[in-house]
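Here's the structure, in structure tokens; my notes come after.
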Amino acid sequence: MKEIKYFTQEELRRIFRCIEGKKETSKYWLRNLCIFRVAYRCGLRASEIGLIKRSDYNSRTGEIYCRRLKGSLNNTIRLDKQTIKLLVEYTKQYKIKDTDALFSSQENRPISRQMLDRLIKEYCREARIPDKNKWHFHTLKHSIAVHLAESGLDIKEVQYYIGHKNVNNTFIYFQFTTTQQCEMYKKLEKS
């Protein structure tokens, strides 16, 4: 089975802190933080971020409709409280209309996959993520899937969450996780 690269929870915190640290130097820090948090929370590919319209985000329920590519299934994901808070601030500050892309470039077009790849490399470098094989936007999707698997969700729940049509594609995230190893050693200690 192919080894996947994913960010640890600590690495994600460092990346998010790097983006927040741009508050004084970049007028795009809030947009970028929202992009990265939404991509992680929803398990989105870079090209899927540009597909999100303002109307896809329901601020009342904190849910976002995710259009998925590459044969994946569209779904609706409920965001965490911190991401919701940031999105409220972001949509007010940027005055985004329902018909607009939620995340736009400086040219007022949906943000591109190429820009997101540049940003992830910049933030990984600043966050001192040592493994350069992780410096890809898609690593966010792998990260949420592994974190969900480690949290105890079953394979069908993770499959729905990340939009996989075929459950066989989800198995990779259930490789022997750290949590599973700890549980195995606890069982062995009892015997």
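The values are calculated or read from the model by the stated rules, or taken from the named source; none is laboratory data. This is a predicted model, so every value here is computed, not measured. Backbone-built Cβ (ideal geometry, glycine too); neighbour counts: all protein chains shown. When the accessible area is computed, the model is the full protein with side chains, heavy atoms only, and any ligands, DNA or RNA have been set aside. Shrake-Rupley method; radii C 1.70, N 1.55, O 1.52, S 1.80 Å.
If a residue must be over 15 Å from residue 118 (Cα atoms) and in a loop (DSSP other than H, G, I, E, B), how many such residues does the stretch 27-49 contain?
Of the residues in the stretch 27-49, 3 are over 15 Å from residue 118 (Cα atoms) and in a loop (DSSP other than H, G, I, E, B).
Among the residues of the stretch 1-20, what is the count of those that are under 21 Å from residue 92 (Cα atoms) and not hydrophobic (A, V, I, L, M, F, W, C)?
Selection size over the stretch 1-20: 1.
Which of the residues that make up the stretch 154-191 are surrounded by 14 or more Cβ atoms within 10 Å (Cβ to Cβ), outside any helix (DSSP H, G or I) and at pLDDT 80 or above?
Answer for the stretch 154-191, where residues must be surrounded by 14 or more Cβ atoms within 10 Å (Cβ to Cβ), outside any helix (DSSP H, G or I) and at pLDDT 80 or above: 163, 164, 170.
Looking at this structure, is residue 133 at pLDDT 95 or above, in a helix (DSSP H, G or I) and open to solvent by 90 Å² or more (accessible area, probe 1.4 Å)?
Working: at pLDDT 95 or above: yes; in a helix (DSSP H, G or I): yes; open to solvent by 90 Å² or more (accessible area, probe 1.4 Å): yes.
Judged against the criteria, residue 133 is a match.
Looking only at the stretch 84-124, which residues are closer than 27 Å to residue 136 by Cβ and polar (S, T, N, Q)?
104, 105, 106, 108, 112, 114
Give the number of residues within the stretch 127-152 that are within 12 Å of residue 12 (Cβ to Cβ) and either polar (S, T, N, Q) or without any contact (Cβ under 8 Å) to a residue 60 or more places away in the chain (or both).
Summing the residues that are within 12 Å of residue 12 (Cβ to Cβ) and either polar (S, T, N, Q) or without any contact (Cβ under 8 Å) to a residue 60 or more places away in the chain (or both) in the stretch 127-152 gives 2.
Looking only at the stretch 41-65, how many residues end up being closer than 16 Å to residue 138 by Cα, open to solvent by 20 Å² or more (accessible area, probe 1.4 Å) and either among the hydroxyl-bearing types (Ser, Thr, Tyr) or in contact with a helix residue (DSSP H, G or I) (Cβ under 8 Å, 6 or more places away or on another chain) (or both)?
Qualifying residue count for the region: 3.
Limited to the stretch 42-92, what total is found for residues that are among the acidic types (Asp, Glu), over 16 Å from the mean Cα position of the chain (by Cα) and within 12 Å of residue 102 (Cα to Cα)?
Residues flagged as among the acidic types (Asp, Glu), over 16 Å from the mean Cα position of the chain (by Cα) and within 12 Å of residue 102 (Cα to Cα) within the stretch 42-92 amount to 1.
Considering only the stretch 66-125, state which residues are open to solvent by 40 Å² or more (accessible area, probe 1.4 Å), outside any helix (DSSP H, G or I) and among the basic types (Lys, Arg).
If the condition is that a residue be open to solvent by 40 Å² or more (accessible area, probe 1.4 Å), outside any helix (DSSP H, G or I) and among the basic types (Lys, Arg), then 67, 70, 78, 95, 97, 109 are the ones that fit.
Quick check on my filter: what residues within the stretch 41-74 are over 18 Å from residue 145 (Cα atoms) and among the basic types (Lys, Arg)?
53, 54, 60
Just to be sure before I move on: is residue 102 under 14 Å from residue 33 (Cα atoms) and touching a Leu at 6+ places or on another chain (Cβ under 9 Å) in the structure I sent?
It is true that residue 102 is under 14 Å from residue 33 (Cα atoms) and touching a Leu at 6+ places or on another chain (Cβ under 9 Å).
Which ones in the stretch 66-103 are among the polar types (S, T, N, Q) and in contact (Cβ under 8 Å) with a residue 60 or more places away in the chain?
Selection gives 72, 74, 75, 93.
Hey, any hits in the stretch 144-151 for a residue that's loosely packed, with under 13 Cβ neighbours inside 10 Å and either in a helix (DSSP H, G or I) or on the phi > 0 side of the Ramachandran plot (or both)?
no
Can you name the residue in the stretch 9-29 that is basic (Lys, Arg) and in contact (Cβ under 8 Å) with a residue 40 or more places away in the chain and is also nearest to residue 148 (Cα to Cα) among such residues?
That would be 14.
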